[in-house]
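I have placed the structure first, in the form of structure tokens, so that the comments after it can refer back to it.
The values are calculated or read from the model by the stated rules, or taken from the named source; none is laboratory data. Source: prediction; values computed, not measured. Neighbour counts run over all protein chains shown; Cβ positions are idealised from the backbone, glycine included. Accessible surface is based on the protein model in full, side chains and every heavy atom, while ligands, DNA and RNA are left aside. Shrake-Rupley method; radii C 1.70, N 1.55, O 1.52, S 1.80 Å.
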Amino acid sequence: MSSKSRIVMVAGSASHGSGAHEHPAGCALLADLLNKHVRGVEAVVHRGWPDDPDAFDNAAAIVVYSDGGGGHLIIPHLDQVADIMKQGVGLAILHYAVEVPKGKPGDCFLDWIGGYFEMHWSVNPHWVAEFTLFPEHPITRGLKPFSLEDEWYYHMRFRENMKGVTPLLSTVPPESTLQRPDGSHSGNPDVRKAVANKEPQHLAWCVERKDEGRGFGFTGGHFHKNWADENLRRFILNAIVWTAK
């Protein structure tokens, strides 16, 4: 058995044409950086949910970068993932993969990573988010202030009173992000009120779970070209390594 920490990355299909939702390419890039530059780590990538029942054996963390919503590739496997989580395995969820339906999938995500994109509550505009201050945390180590255009989801559904949730990337979205009419992903009275009140929105966060596992959620990651940003790469690689302990 390898002494290295196994990080199992699950990449959904590329789904938006060239340059966006390039899940296999994004996972391949992150796995390559981890394997080349982080000692004691072995990252492997599966395209789609692995058929092999042993795929997650001895995993320190699972990373899911895929499309989400009702067709989320994790939904048919919630019970399998619940069993893996009970063993203290970390879970990192990137971009559209943070969206699951309300009910059992949403409750699982609240438990495993502390929050998720809830339809008719959260929104998915494209905008330039500016990050100027970061909390003291291993995931934010080495970050400098940066701004990036992405499809930054916000107004996420978090655990009640943010219990156990540590915000990592937070900013106040401009009202221009709510120009679309209300809809399942575009706007609602609650999010409009929050933005009008200039309430900071958390676009990435982490939790330490009672089962001793760790969870991480990140709403950016729409454009493949954004992996060229050194701060973004550092942040996500830090997060994956932290989630895998």
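Show me the ranking of peptides 48-57, 195-204 by mean Cβ neighbours inside 10 Å, starting with the highest.
For the peptides 48-57, 195-204, the packing ranking is 195-204, 48-57.
Sum -39500 (n - 2.57) across every DSSP H segment of at least 4 residues in the chain, then divide by the residue count to get the 222 nm mean residue ellipticity, nearest 500.
Here the helix-only value at 222 nm equals -7000 deg cm²/dmol.
With a cut-off of 8 Å between alpha carbons and a minimum separation of six or more residues, what is the relative contact order of the chain in percent?
Across the chain, relative contact order equals 22 percent.
Please sort 231-237, 71-77 by packing, taking for each peptide the average over its residues of neighbouring beta carbons within 10 angstrom, highest first.
Top of the packing list down: 231-237, 71-77.
Scale the Cα Rg of the chain by the rule-of-thumb value 2.2 N^0.38 Å and send over the ratio, two decimals.
Dividing the Cα Rg of the chain by 2.2 N^0.38 Å gives 0.94.
Return the carbon/sulfur percentage of the accessible area of the chain, one whole number, probe 1.4 Å, all protein chains in place.
49
Of the peptides 138-147, 120-129, how do they stack up when ordered by the mean number of other Cβ atoms within 10 Å, highest first?
Highest to lowest by the protection proxy: 120-129, 138-147.
Would you work out the charge dipole size for region 37-143 about its Cα centre, treating the Cβ of every Lys and Arg as +1 and the Cβ of every Asp and Glu as -1, and quote it to the nearest 20 debye?
That gives region 37-143 a dipole magnitude of about 260 debye.
For R214, which sequence-distant residues (separation of 5 or more, or a different chain) have an amide H within less than 5 Å of its own amide H, given hydrogens modelled in the peptide plane?
Answer set, sorted by chain and number: G90, L91, R209.
Which whole number of Å³ per residue matches the convex hull of the alpha-carbon atoms in region 105-245?
Here the figure is 112 Å³ per residue.
Keeping all protein chains in place, calculate the accessible area per residue for the chain (probe 1.4 angstrom), answer in Å².
Heavy-atom accessible area per residue stands at 46 Å².
Nearest 20 debye, what's the magnitude of the dipole of region 164-230 about its Cα centre given +1 on Lys and Arg Cβ and -1 on Asp and Glu Cβ?
The dipole magnitude comes to about 140 debye.
Which value, to two decimals, describes the C-alpha radius of gyration of region 51-158 once divided by 2.2 N^0.38 Å?
1.18
If each residue of separation counts as 0.36 nm, what is the full-extension length gain between S13 and K102 once their alpha-carbon separation is subtracted?
Going from the current span to full extension adds 29.7 nm.
Straight-line reach from K104: which lysines fall under 29 Å, measuring Cα to Cα and dropping same-chain residues less than 8 apart?
Here the lysines satisfying the reach criterion relative to K104 are K86, K163, K193, K210, K245.
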